[in-house]
Amino acid sequence: MSDAAAGRVAAVVVNYESGPSLARCVGDLAASGLAEIVVVDNGSSDGSVTAALEAVPDLVVIDPGENLGYGAAANRGAAAGSTDLGLLLVCNPDLEVPAGAVDALVAAIDADRGCALVGPLIRTPEGDRYPSARRFPSMVDAAGHALLGTFAPNNRFTRNYRRTDLDVDPDGPMEVDWVSGACFLARRDAFEAVGGFDESYFMYAEDVDLCWRLGRAGYGVSYAPAAAVTHIQGISTDRHPYRMILEHHRSLLRFAFRTSEGWRKLLLPLVAVGAAVRTGLACLARFRVG
């Protein structure tokens, strides 16, 4: 990354019991030449922060003394960072960020002044594309995905919601409804203008909500496949799988109630029932795997 670009980017990494992944992640970020790296630790006891400080001694570490959840912790990290850094990179701790990935995100956001937030191509450890760039679901797609997504993931409702058409990656950045909060680059002024993450979401859907509010404020959200990272999923959430399933569906329901307008509000009781059914199915599927 060029010195000029590096001097504009601060990273916020939200950590919870991520083990050695955190040290690898902040090491990758430091190697990318970022101006500042802030780690917000949500009460880990696994030594991950100590290992990260050994890898990158000039980390800024914030310990709020409790598990704030993802969005609230990211907000604390953003507020604690240098306010004169115009770009904010928000990351999960279990990311592998190769050389050039952050540079590509900076290039994408610089190319479009209307873009407030851009997400990279996220790959699984097996090299598959994770559906990190999506559209806001219609009521029909949301219901179909809720009822069928766990046991028939290739159904048309889930395909529409997850934008599987992006399996063929576009040549350059493209506008999307929302991108995953596992990794994104945002303009600090836009992030702050909408109040950052909504802290009423403990985990999940805070990224959907943030992008929705940015869109309502007139900003754009983009997906930049030229920037590619790898996400080692489940390291933290697997410690409390059933709570995470509950939080996931609770957050999705909160977002549905917040964003539904007009006649769609009449369907919200059915959405709540569907979310409850899907929570039970997801817990059953997890029990069978475990």
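The values are calculated or read from the model by the stated rules, or taken from the named source; none is laboratory data. Treat the numbers as computed from the prediction; the structure is a model and nothing was measured. Here Cβ is always computed from backbone atoms with ideal geometry, including for glycine, and neighbour counts include all displayed protein chains.
The combined condition, being surrounded by 18 or more Cβ atoms within 10 Å (Cβ to Cβ), over 13 Å from the mean Cα position of the chain (by Cα), without any contact (Cβ under 8 Å) to a residue 60 or more places away in the chain and farther than 12 Å from Ser132 by Cβ, is not fulfilled by Val176. Screening Leu29, Leu22, Leu34, Leu85 for residues that are in contact (Cβ under 8 Å) with a residue 60 or more places away in the chain, buried (at least 21 other Cβ atoms within 10 Å of the Cβ), in a loop (DSSP other than H, G, I, E, B) and hydrophobic (A, V, I, L, M, F, W, C) leaves exactly one candidate, Leu34.
Go through the residues of the stretch 92-100 one by one and say whether even a single one is in contact with an Asp or Glu (Cβ under 9 Å, 6 or more places away or on another chain), surrounded by fewer than 16 Cβ atoms within 10 Å (Cβ to Cβ), in a loop (DSSP other than H, G, I, E, B) and among the aliphatic types (A, V, I, L, M). Yes, the stretch 92-100 contains a residue that is in contact with an Asp or Glu (Cβ under 9 Å, 6 or more places away or on another chain), surrounded by fewer than 16 Cβ atoms within 10 Å (Cβ to Cβ), in a loop (DSSP other than H, G, I, E, B) and among the aliphatic types (A, V, I, L, M).
Can you name the helices (runs of 4 or more DSSP H) wholly within the stretch 181-289 that have at least 1 residues being at pLDDT below 60, among the aromatic types (Phe, Trp, Tyr) and surrounded by fewer than 19 Cβ atoms within 10 Å (Cβ to Cβ)? Walk me through how you get there before you give the answer.
Numbers: elements: 188-193, 206-216, 241-259, 268-289.
Of the helices (runs of 4 or more DSSP H) lying wholly inside the stretch 181-289, those with at least 1 residues that are at pLDDT below 60, among the aromatic types (Phe, Trp, Tyr) and surrounded by fewer than 19 Cβ atoms within 10 Å (Cβ to Cβ) span 241-259, 268-289.
With respect to the stated conditions, Val40 fails to be surrounded by fewer than 20 Cβ atoms within 10 Å (Cβ to Cβ) and at pLDDT 95 or above. Ala35 fails exactly one of the following numbered conditions: (1) in contact with a Gly (Cβ under 6 Å, 6 or more places away or on another chain); (2) over 17 Å from Leu185 (Cα atoms); (3) modelled with pLDDT under 95. What is the number of that condition? Here Ala35 meets the rest and fails (2).
Okay, residues lined up against (1) more than 20 Å from the chain's Cα centre (by Cα); (2) in a helix (DSSP H, G or I); (3) buried (at least 20 other Cβ atoms within 10 Å of the Cβ); (4) not β-branched (Val, Ile, Thr):
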site	(1), (2), (3), (4)
Val14	no, no, yes, no
Ala51	yes, yes, no, yes
Ala74	no, yes, yes, yes
Ala78	no, yes, yes, yes
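Quick check on my filter: what residues within the stretch 19-67 are of a type in the set (D, E, K, R) and in contact with a Ser or Thr (Cβ under 6 Å, 6 or more places away or on another chain)? Within the stretch 19-67, Glu36 is the sole residue that qualifies. Filter the stretch 53-72 down to the residues that are in a loop (DSSP other than H, G, I, E, B) and of a type in the set (A, V, I, L, M), then identify the one that is modelled with the lowest pLDDT. Here the answer is Leu68. Scoring Val40 on the criteria (1) over 24 Å from Ile109 (Cα atoms); (2) in a helix (DSSP H, G or I) leaves a single failure, condition (2). All of Ala152, Ala146 fail the test of being over 16 Å from Gly71 (Cβ atoms), assigned to a loop (DSSP other than H, G, I, E, B) and either at pLDDT 90 or above or among the aliphatic types (A, V, I, L, M) (or both), apart from Ala152.
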